[in-house]
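Structure record follows, encoded as structure tokens.
The values are calculated or read from the model by the stated rules, or taken from the named source; none is laboratory data. As the structure is a computational prediction, the values presented were derived from the model and not from experiment. Virtual Cβ from ideal backbone geometry, glycine too; neighbours counted across all protein chains shown.
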Amino acid sequence: MINKLLAVAFVALAVAASGCGSSSSSSSSAPPVSSAVALTCTPASLKTLTSGTLTIGTDNPAYYPYFQGGPGGQWTGSYNNNPYTGKGFENAVAYAVAAKLGYTREHVKWAVTHFDQSFAPGPKNFDVYLAQVSIRPKRAENVDFSLPYYHANQAVVALKGTPITNVTSLAGLKQYKLGTQVGTTSYDFITQTIQPSQQPTAYTSTNDAIHALEAGQIDGIVVDLPTAFYMTGSGQVAHGTVVGQFPTSPGGDQWGLVMQKGSSLKPCVDKAVAALTADGTLAKLQQTWLSAKISTPVLQ
Amino acid sequence: MLRGSNRPRRGSLLLPASAGNVWVALASTVVVFAGLTLIVVNSSGWPKVKHAFFDPAEFRAYFATVGHAFVLNIKIFLVAEVLILILALVLAVLRQLPGPVFFPIRLLAIGYTDLFRGIPTILLVYLFGFGIPTLQLAHVTNDPVYLGAAALVVVYTAYVSEVYRAGIESVHPSQEAAARSLGLTRGQTMRTVILPQAVRRVIPPLLNDFIGLQKDTALISVLGPVEALQRATLGASSEFNYTPYVVAAFFFVLITVPQARLTDLLIERDRKRQMAGGRV
């Protein structure tokens, strides 16, 4: 309940903040003038890569449960998911944001950008990008983030019947060999919060981490909870189980849409995300596409 | 033919011989480097590139972390290089075995080099790193560092054996004929006449392959071990900044340069020895 109240207050603040940001046209570097300047967010006023079209970037493969469209277009192969379907949590969020900005589905185009390239300097091939990118101050120096559309807890996945599955506390995890995927905040989480006695490993993709788990090279994989549910529920990890989730860290892992640094779209995208949070759309999409958080034990 | 007579006379390794030439070299170097620097620094995107790739604060922040991870790269390539030097030599010699009896051995040696030079290294690293533990063989490690290093040894043995072979074949047949006519056996000829000359000649290309190997130790990171490049990747993705990669590059270059100079020195020494004081 308190969380909900806080969220509403936060959103109200955010709307106020974005409302008094830059006006839609030329003087984007000017300081906020007054809140009376109306923010117009329509496909006609938004300066996108292709006028009248919103180009949204994501990674390839685009992973379940954030993208669940199945193979199609450039997204072929067993783990790849065609984002034009609108299926999956982030896929649905992307179309909801686009709709708030006034783009119909035909006016949304998808572009493939690797996670690493999403924060490269220089011009982008997308207007907004989403692929479970955590908002961090350091990252925000190179790109603009929208307001968060999701808050992800970290969790541990292991093979059923292995000793690590009996762990009930954060301290109990210290003695195990843990792995994670490069490009997530999980590695910092392992080294700084769990502080295991063995050097953790980092893999280029989730698939590699799973192979290492199944080969017995690591005891557990640290990923965000929705991914953990997917890995164990979909059979991606045969005989896998979610050992537990970690408490939500203050200012922790929030996901935002990535935009080019200084993007003129940011105020409008922020406004759209804030509106989707306020009217409960994001919560509803979470319920639809992501497994419930509640049943997994919290490792303190 | 190898020691061309039309080669310009050289003083030391890379500096011109006389004092006047030194000034010319200095002036042209300054002009070229200053020009390049100006072009890069004055380009419109330079501040962004500088921030994303050459951020001093990031460099300092990741220097120790990446440096610490680089120790793993050093360990891997030191052990791998010793194994490769030995195995590749064996392979090259096997390929040179004469006579119809050794045909299957020659065939195997040729097949080995063809196969393992052709396979993408990363596939072999995956195959060793994730494939071998899944076989669940007794007494075989499942440590990704060892398995990944083994894959690199297999691949680079193929490359280096070809380098050795080129060296062996560059020794003039008259050398072998002379050695045999003095009563040396085929094995003795190979060991005491051919190989010493062959190995000396292939030191520069050998070093070339080893520098490649040193950088390829980063491929082991796909199996999980956090070596220098993987540590840099982790840093780059959490900071949204590429400077950690530059830190990793710094360490790789740091170990490459002394090796390159050492090779230059060896070549120079060898040249002087062969010239026996004469000049061309």
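Below, the figures for the structure above:
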| quantity | calculated |
| --- | --- |
| Flag if A:ILE190 is more than 16 Å from the chain's Cα centre (by Cα), assigned to a helix (DSSP H, G or I) and within 14 Å of chain B (Cβ to nearest Cβ) | yes |
| Residue match in the stretch A:166-175 (condition: under 19 Å from A:ASN153 (Cα atoms), surrounded by 19 or more Cβ atoms within 10 Å (Cβ to Cβ) and of a type outside the set (Lys, Arg)) | yes |
| Count of residues meeting criterion [more than 16 Å from the chain's Cα centre (by Cα), part of a loop (DSSP other than H, G, I, E, B) and at pLDDT 90 or above] in the stretch A:239-294 | 7 |
| Residue that is farthest from A:GLN245 (Cα to Cα) [pool: residues in the stretch A:115-153 that are more than 14 Å from chain B (Cβ to nearest Cβ) and in contact with a Leu (Cβ under 7 Å, 6 or more places away or on another chain)] | A:ASP127 |
| Identity of the residue in the stretch B:248-264, surrounded by fewer than 24 Cβ atoms within 10 Å (Cβ to Cβ) and aliphatic (A, V, I, L, M), that ends up nearest to the other protein chains (Cβ to nearest Cβ) | B:ALA249 |
| Tally, over the stretch A:80-94, of residues that are surrounded by 22 or more Cβ atoms within 10 Å (Cβ to Cβ) and part of a helix (DSSP H, G or I) | 7 |
| Flag if A:ALA94 is closer than 30 Å to A:LEU225 by Cα and at pLDDT 95 or above | yes |
| Some residue of the stretch A:195-207 being out of contact with any helix residue (DSSP H, G or I) (no Cβ under 8 Å at 6 or more places or on another chain) and more than 14 Å from chain B (Cβ to nearest Cβ) | yes |
| Hits in the stretch B:87-126 (condition: farther than 21 Å from B:VAL153 by Cβ and assigned to a helix (DSSP H, G or I)) | B:PRO100, B:VAL101, B:PHE102, B:PHE103, B:PRO104, B:ARG106, B:LEU107 |
| The stretch B:60-82, subset over 14 Å from the mean Cα position of the chain (by Cα) and crowded, with 16+ Cβ neighbours inside 10 Å, residue farthest from B:ASN208 (Cα to Cα) | B:ALA61 |
| Among residues of the stretch A:63-87, those that are touching a helix residue (DSSP H, G or I) at 6+ places or on another chain (Cβ under 6 Å) and in contact (Cβ under 8 Å) with a residue 24 or more places away in the chain, counted | 5 |
